[in-house]
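No value in this document is a laboratory result; all are computed from the given coordinates. All values derive from a computational prediction rather than experimental measurement. Cβ: placed from backbone, ideal geometry, glycine included. Neighbour counts: every protein chain shown.
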Amino acid sequence: MLNFQAVLAKEITLAMLVADLTRDNLRDLTNEMVNTIQDLIAACVDADVTFEPTDPAAHDLFAKTPEELQMAWNLGHVIVHTTASAEEAAVIAAELGRGVEYHGRSRYEVPWGEMRTIEECRQRLEESRRMRLASLDMWPEEAHLENEYEAWTDGPRVNAVGRYVLGLMHDDSHLGQIGEIVRQARVARGE
C-alpha cells in the first residue's frame, strides 16, 4: 500500500506520493485495498454488520439528523461510506484524465440502513471494485494530467492520479475503524 502516513505527517506531498503512479499501479492498489477490507471482514457474521460499536470519538460533520451527529458507525455504514467516497474519486479522476474541468461532486452512497448482511457488505465491496477498475479504462492513453483542481479549500491541487489516490487514502483512513468494529463485534459474540 502507499505510505499515506508520510503525506499526513507532511513529510511528503500528495503530488510526490503519486508522481510515478500509472493506471496499472492504480489497478493494483485498488485490488490491494478492496482485498484488505475483505480480509478484515472475512470472519464476520450477519450480526456484525448492524452491531453498534462504542466510539467515543464519533463525530459526523455530514450527519443527516442531529441524532446521527455523535453516533458510532456500524460496519455496514462504514462499508457504504468508504465505497461511495472511493467511487466518487474514481469518477472525478476519469473526468480529469479526459480533460474535463472539475465541476462538482459526483457521489451516491447506498443508504447504510439497507446493509443488513455480511454478504451484502462483500457484494458492495466487489461492486465498488468493479466500478473503480472500470473507471480507469475511461482514461485516454495520454491522460490530461495537467488538468488539476484544488481538492478542498486550502487542500492539495490534484490531477486524475491524485484524485483517484485520494479515494484510496480515504479507504485507508477507515481501515482501523473497520478493524475495531470487527473486534468489538467478535467480543460481543463471545469470541
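Couple of notes before you dig in:
- For ASP172, ASP28, ASP20, ASP55, order by how many other beta-carbon atoms lie within 10 Å, fewest first: ASP20, ASP28, ASP55, ASP172
- The candidate values are [x] 18.3; [y] 17.4; [z] 22.4; the one derived from this structure for Kirkwood radius over Cα pairs in Å carries the label [y].
- Proxy reagent accessibility, fewest Cβ within 10 Å first, across THR65, THR30, THR82, THR22: THR65, THR22, THR30, THR82
- The length gained by stretching the chain between SER106 and LEU21 to full extension, at 0.36 nm per residue less their Cα-Cα distance, is 28.3 nm.
- Sites matching trypsin sites (Lys or Arg not before Pro) across the range 1-96 that sit in DSSP coil, with at most 12 neighbouring C-beta atoms within 10 Å: LYS10, LYS64
- Lys/Arg +1, Asp/Glu -1 at C-beta; the range 22-188 dipole; positive extreme among TYR149, PHE51, SER173: PHE51
- Couplings 3J(HN,Hα) for the range 20-30, derived from phi with the Karplus relation 6.51 cos²θ - 1.76 cosθ + 1.60 (θ = phi - 60°), are 9, 6, 10, 4, 4, 4, 5, 4, 4, 5, 5 Hz, where x marks Gly and Pro.
- Extension reserve of the THR50-PHE62 stretch, reckoned as 0.36 nm per residue once the Cα distance is removed: 2.3 nm
- Karplus-derived 3J(HN,Hα) values for the range 72-77, using 6.51 cos²θ - 1.76 cosθ + 1.60 with θ = phi - 60°, are 5, 7, 7, 4, x, 5 Hz; glycine and proline are entered as x.
- Taking other Cβ atoms within 10 Å as a rough exposure proxy, SER173, SER135, SER128 sort from fewest to most as SER173, SER135, SER128.
- Charged-residue dipole, Cβ positions (Lys, Arg, Asp, Glu), the range 22-188 about Cα centre, Debye nearest 20: 140 debye
- Charge dipole (debye, nearest 20) of the range 20-111; +1 at Cβ of Lys and Arg, -1 at Cβ of Asp and Glu: 340 debye
- Per-residue Karplus couplings for the range 155-168, computed as 6.51 cos²θ - 1.76 cosθ + 1.60 with θ equal to phi - 60°, are listed in order as x, x, 7, 10, 9, 4, 5, x, 5, 4, 5, 4, x, 5 Hz, Gly and Pro entered as x.
- Size of electric dipole in the range 95-134: Cβ of Lys, Arg +1 and of Asp, Glu -1, about Cα centre, debye, nearest 20: 120 debye
- The loop-placed GluC sites (Glu not before Pro) in the range 134-166, going by DSSP, that have at most 12 neighbouring Cβ atoms within 10 Å of their Cβ come out as GLU141, GLU142, GLU146.
- Computed over the range 22-188, relative contact order equals 33 percent, with contacts defined as Cα pairs under 8 Å that lie 6+ residues apart.
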